[in-house]
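See below for the structure under consideration.
The values are calculated or read from the model by the stated rules, or taken from the named source; none is laboratory data. Here the structure is a predicted model, which is why all the values come from computation and not from measurement. Cβ placement follows ideal geometry from the backbone for every residue including glycine, while neighbour counts extend to all protein chains displayed.
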Amino acid sequence: MNKLTVVLAQSLAVAALFAGPSYSEDDVTLKKDLTAVIALHGQPCGEVAAVKVQSENDYAASCKDGNKYHVFLNPAGRIVVEKQKYAAISTILSR
């Protein structure tokens, strides 16, 4: 092997070690799943715009229409969707 090939191989190995996983695909999937869960619970949303993972199976979801929800798994293993009361206030304040 020539010197250039060795340097290139070493550079690629270092780059591979520092390259982190891409979470954008997982984030998109989570938003779509939460959009479906909220809709199946009969709540208005349209589309989830942002998600904050609070803990395992516990999410704060913000919808494009301004609604905000707490989506979590209760101790009985059922999914609960709670509309957050402060969503209307934050929408008013953001205008």
(message) I'd like the residue in segment 81-95 that is of a type in the set (A, V, I, L, M, F, W, C) and surrounded by 14 or more Cβ atoms within 10 Å (Cβ to Cβ) and, out of all such residues, is modelled with the highest pLDDT.
(response) VAL81
(request) Count, please, the residues in segment 69-84 that happen to be touching a residue at least 12 places away in the same chain (Cβ under 8 Å) and farther than 14 Å from VAL37 by Cβ. (result) 1
(request) Of the conditions (1) surrounded by 12 or more Cβ atoms within 10 Å (Cβ to Cβ); (2) modelled with pLDDT of 90 or more, GLU56 clears all except one; give me its number. (result) (1)
(message) Just checking, does segment 18-33 include any residue being in contact with a Leu (Cβ under 9 Å, 6 or more places away or on another chain), at pLDDT 80 or above and surrounded by 14 or more Cβ atoms within 10 Å (Cβ to Cβ)?
(response) no
(message) If a residue must be of a type outside the set (Ser, Thr, Tyr) and in a strand (DSSP E or B), how many such residues does segment 42-84 contain?
(response) 21
